[in-house]
Amino acid sequence: MKKLAIGIVAALAITTAQLVALGNNLPKDIAERVEAIPIQTLTISDEQFLNGDASGRPTTIAGVLRVAQSSERSPLVILIHGSGGFEVNAGVWTRQFASLGISTFALDSFSGRGIASTVTDQSQLGRLNMILDLYRSLPVLAAHPWIDPNRIAVMGFSRGGQAALYATLKRFQKMWNPSGIDPAAYIALYPQCNTTYIGDTEVTGHPIRIFHGISDDYVEIAPCRAYFERLKQAGSDVQMTEYPDTWHAFDYPSLPSTPIVVENGQTTHCVLIEEAAGTIINTGTNKPFTYADDCLGRNPHVAYSAKATAATEAAVGILLKKVFELN
């Protein structure tokens, strides 16, 4: 029995050594640690968000933290998904960042609210609610022992790109971000920019980067061009990269490279403006915007672009190496 016990201990020692060796030889784009982290937030309307009204429904959402291989606290990028929820591009970016020694937190704003997708019905969740979800996640993640609280950035896609872009507003941060944590960079891929908010050129001093396809008929580029120009004139650190012959969701390698229709996908071609705090007016009707307005559309297109994806990866990599002070 004694010899058996010694044999078992020896076998366990060998197995442990092998696991350590395996861990040391893991490809850099594989996370060292994975955690699901709950976030306490609210479910509120856009009107409530714009008025700072915190009387919404308490809601618990969650996200997946993937910690990059590192011997010290690592920088972090918070990923904010689009209307389809968690999709393949999140995995692509997670591995891309892990290869640079950057951890990721993929925030899920849908599952905790019982939403699978808003692709065909955007009215299921206020478009600004995901900004609140982001703000609520910041102090939780900054306190995590594996994360460097001074090196956090945000990246969003489509609906999530809108959240990442407008989370930069000082007005919104003052109302909803008591943590005072201001991410080091805000990165928005094909965001919606068709609403002019009160004070939307008064933004953080940290870099804002927008990446968009010129052919995009899901979320049109023209409103982002206009917003970019206003931010630039206000002296913001903002850059916008436009890709010709590039459609929505260009960083989804699961899509074909030729455009396909998103059946019944809901788009917004409206021009909207916040005329009084909390009131979004459709300039086409001069009435408060609703999802029954005629300026909404259906059946947009999506397509993968290896070229645009590679260019975006390169640009984002350069930006994060700078703001995170990576070697």
message: Against the condition out of contact with any Asp or Glu (no Cβ under 7 Å at 6 or more places or on another chain), under 25 Å from VAL119 (Cα atoms) and in a strand (DSSP E or B), how does GLY297 come out, does it pass?
response: yes
message: List pairs: first residue in the stretch 50-66 and surrounded by fewer than 19 Cβ atoms within 10 Å (Cβ to Cβ), second residue at pLDDT below 95 anywhere in the structure, Cβ distance under 7 angstrom, at least six positions apart or on different chains.
response: ASN51/ALA277; ASN51/GLY278
field: Test result for LEU76, modelled with pLDDT of 95 or more and in a strand (DSSP E or B)
entry: yes
- request: Test each condition in (1) in contact with a Phe, Trp or Tyr (Cβ under 6 Å, 6 or more places away or on another chain); (2) touching a residue at least 60 places away in the same chain (Cβ under 8 Å) for ALA277 and report the one that comes out false.
  value: (1)
query: Of everything in the stretch 264-311 that's modelled with pLDDT of 95 or more and acidic (Asp, Glu), which residue is nearest to the chain's Cα centre (by Cα)?
result: GLU274
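Hey, any hits in the stretch 140-147 for a residue that's under 16 Å from the mean Cα position of the chain (by Cα) and small (Gly, Ala, Ser)?
No.
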- prompt: Exactly one of (1) in a strand (DSSP E or B); (2) out of contact with any Leu (no Cβ under 7 Å at 6 or more places or on another chain); (3) closer than 28 Å to THR290 by Cα is unmet by PRO149. Its number?
  reply: (3)
- prompt: strands (runs of 3 or more DSSP E) wholly in the stretch 176-284 with at least 2 residues that are farther than 20 Å from PHE157 by Cβ and touching a strand residue (DSSP E or B) at 6+ places or on another chain (Cβ under 6 Å) - which ones?
  reply: 272-276, 279-282
- prompt: Do we have any residue at all in the stretch 8-30 that's assigned to a strand (DSSP E or B), within 22 Å of the chain's Cα centre (by Cα) and either at pLDDT below 95 or surrounded by fewer than 17 Cβ atoms within 10 Å (Cβ to Cβ) (or both)?
  reply: no
task: Would you tally the residues in the stretch 111-137 being without any contact (Cβ under 8 Å) to a residue 40 or more places away in the chain and either in contact with a Leu (Cβ under 6 Å, 6 or more places away or on another chain) or not in a helix (DSSP H, G or I) (or both)?
output: 4
message: Please determine whether any residue of the stretch 193-214 is surrounded by 14 or more Cβ atoms within 10 Å (Cβ to Cβ) and touching a His at 6+ places or on another chain (Cβ under 6 Å).
response: no
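The values are calculated or read from the model by the stated rules, or taken from the named source; none is laboratory data. Just so you know, these numbers come straight off a predicted model, no measurement behind them. Every residue, glycine among them, receives a Cβ derived from its backbone with ideal geometry; neighbour counts consider all protein chains shown.
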